[in-house]
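A short worksheet on the structure shown next.
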């Protein structure tokens, strides 16, 4: 949770614990749904 608050953009997985999600800036898909790939594509394309 400290890392999510410290990060410039804190992204939690969709299946993260309920106490983590409100701290994150965004909640992505679960780890069973390629959450990292989805988040990287979403935010790296937003920077273009």
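With a Förster radius of 22 Å, plug the Cβ-Cβ distance of residue 36 and residue 7 into 1/(1 + (r/R0)^6) and report the FRET value to the nearest 0.05. Mind showing how you got there, number by number?
Working: r = 14 Å, r/R0 = 0.65.
Approximately 0.95, to the nearest 0.05.
How far apart, in nm, are the 7 Å Cα→Cβ label points at residue 44 and residue 17?
Here the modelled spin labels are 3.0 nm apart.
Quick note: the coordinates plus some simple rules give every number you see, no bench work behind them. Just so you know, these numbers come straight off a predicted model, no measurement behind them. As a convention, Cβ positions derive from the backbone with ideal geometry for all residues, glycine included, and neighbour counts pool all protein chains shown.
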